[in-house]
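Notes follow once the structure below has been shown.
Every number here is computed from the coordinates shown, using simple stated rules; none is lab data. Worth saying up front: this structure is predicted, and the values here are computed from it rather than measured. Virtual Cβ from ideal backbone geometry, glycine too; neighbours counted across all protein chains shown.
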Amino acid sequence: MALRTYGQYCGLAAAMDLVGQRWAMLIVRDLSPGPRRFTDLFEGLPGIATDVLAERLRAMEAAGVVRHRTVQHPVPAKVYELTASGEELAAIARRLGAWGARLLPPARSTEARLHPRWALQSMVAGYRGGMPDGVYGLVVDDEELSISVDGPAATLDYGIPGTARLTVRCDIREFFTIARDPTKVRAGRRGLSIDGSVEQAAALFSAMPLRIGSGA
């Protein structure tokens with residue numbers, strides 16, 4: 001699969017030769033919270049073909065954006081992760097995602113796929129500040145994610161460490177409900193459980209509001 005090129009001696013053109021390829025920036029998005037196995041990336045990118053994913057990863061590795069390594073825990077596996085250059089690109093992707101969010105239609109009017117992690121990445125990028133430093137866990141169905149707060153900044157990572165200040169567990173429907181309206185973070189709601197302070201969970205969602213399209 002040949003890499004298409006603009007054939008222009010220009011930094012923007014050179015960047016677009018790589019990231020302008022279909023799926024490339026979405027791979028960066030999915031590697032931003034941490035390393036992923038090939039199967040993780042494939043499952044997280046509905047519609048991509050395995051040969052396309054493999055080709056994109058090879059091209060991005062050759063460009064120094066992605067590297068792969070072998071881990072031994074919990075089982076031996078090869079994972080892909082962003083390099084320092086890839087992290088720079090991920091920061092650009094977050095800004096581009098924030099810009100693109102205004103182009104999205106109201107979630108209830110679209111047939112496009114919704115995924116809590118995609119929304120959460122946008123929410124964390126728009127973190128307003130105000131939460132105590134530390135790690136906050138979120139489990140949506142079977143996916144475990146953590147939000148690390150350090151001063152005015154917040155980052156999203158895969159997995160939840162044992163040091164989390166609180167952990168919110170919910171299903172997909174409840175996630176989007178409380179993401180749109182943090183006042184609905186209440187104990188006893190169906191599909192929602194909180195290990196920790198309900199008030200702190202509500203404050204966390206209030207500090208990173210979900211804004212999607214003109215109807216958000």
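Things worth noting here:
- Beta-bridge orientation, the range 109-206: approximately 75 percent antiparallel, per DSSP, counting only bridges with both partners inside.
- Sites matching trypsin sites (Lys or Arg not before Pro) across the range 138-190 that sit in DSSP coil, with at most 16 neighbouring C-beta atoms within 10 Å: Arg186, Arg189, Arg190
- Length-normalised contact order for the chain - Cα pairs under 8 Å, 6+ apart - percent: 17 percent
- Cβ-Cβ FRET estimate between Val75 and Ile172, R0 fixed at 22 Å, reported to 0.05: 0.20
- For the range 1-53 and the range 122-159, distance of Cα centres in Å: 25 Å
- Listed residues Trp99, Trp23, Trp118, most fluctuating in the chain (Gaussian network, C-alpha, under 10 Å): Trp99
- Segment Gln200..Thr5, full-extension length gain: 65.3 nm, with 0.36 nm per residue of separation and the alpha-carbon distance subtracted.
- In percent, rounded to a whole number, the relative contact order of the range 109-206 is 22, using alpha-carbon pairs under 8 Å and six or more apart.
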